[in-house]
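Q: Dropping the structure in here first, questions after.
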Amino acid sequence: MTTICFALAVVMAAAGCVKADRVRAWRHGFNPSADELPSSAFVAGRAVFFVLAGIMAFQGFQLLAVSDDVSWSDSELTKAVQGATTALDARSYFEIDSVGNDIKSMIEDEVVQHGGGDAPQSGVDAFPADTNTAKDADYTIKADGAKAAFCMHVKRTESKDGGYTPPGVAGGEGTVTIPEYELAATVDEGEC
């Protein structure tokens, strides 16, 4: 679509550059009995062609900007994964999901947050390895449009601070403790 917009802009600009004498000769070849057009009609036609060429060029650049916003480049993903690794390393959190989906979601969210202004706000996937355990896990990070992939290694250890015990139903001591964990994250290039 972008190519079509730029091609139409070139065609419109070329049509605007055609001299009035050339158009009169073509017109006379097709319809010799037609009345002559005034020069003002050619000026107006030229203006219309140049305005249309400008509009098509503008639309082409807008489409380029949109296509950049929907796909990740390798450099955007590299920068985002490095930032996400730094953010996740030494982070503590309360366990929400016992099967590890909370870490997967945290990785995806952190990568998107560290993507920068030009990076898309979606399209990042963290694929857990089959050999993952509750304490030691690997995630392959990929993004739509990027050829690069990264392997993030996450170690999860229970915090020395214990966990969080919400108050009970009657306002007394709670019976359930939500464990708190600390993460240690490293990253390597390539899939896990």
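Q: From the residues in region 153-181 that are of a type in the set (A, V, I, L, M) and out of contact with any helix residue (DSSP H, G or I) (no Cβ under 9 Å at 6 or more places or on another chain), which one is surrounded by the most Cβ atoms within 10 Å (Cβ to Cβ)?
A: Initial filter on region 153-181 (of a type in the set (A, V, I, L, M)): 154, 169-170, 176, 178.
Subsequent filtering for residues that are out of contact with any helix residue (DSSP H, G or I) (no Cβ under 9 Å at 6 or more places or on another chain) retains 169-170, 176, 178.
Details: Val169: 8, Ala170: 6, Val176: 9, Ile178: 13.
Restricting to residues being of a type in the set (A, V, I, L, M) and out of contact with any helix residue (DSSP H, G or I) (no Cβ under 9 Å at 6 or more places or on another chain), the top hit is Ile178.
Q: From Ala137, Ala184, grab the single residue that is surrounded by fewer than 17 Cβ atoms within 10 Å (Cβ to Cβ), part of a strand (DSSP E or B) and touching a strand residue (DSSP E or B) at 6+ places or on another chain (Cβ under 9 Å).
A: Ala184
Q: Enumerate the pairs (first residue in region 50-76 and more than 13 Å from Pro120 (Cα to Cα) and modelled with pLDDT of 85 or more; second residue anywhere and assigned to a helix (DSSP H, G or I) and among the polar types (S, T, N, Q)) with beta-carbon separation below 6 Å, excluding pairs fewer than 6 apart on the same chain, so at least 6 apart or on different chains.
A: Pairs that qualify, where the first residue is more than 13 Å from Pro120 (Cα to Cα) and modelled with pLDDT of 85 or more and the partner is assigned to a helix (DSSP H, G or I) and among the polar types (S, T, N, Q), are Gly60/Thr2.
The values are calculated or read from the model by the stated rules, or taken from the named source; none is laboratory data. Given the structure is predicted, the values throughout are model-derived calculations rather than measurements. With ideal geometry, Cβ positions are generated from the backbone for all residues, glycine too; neighbour counts draw on all protein chains shown.
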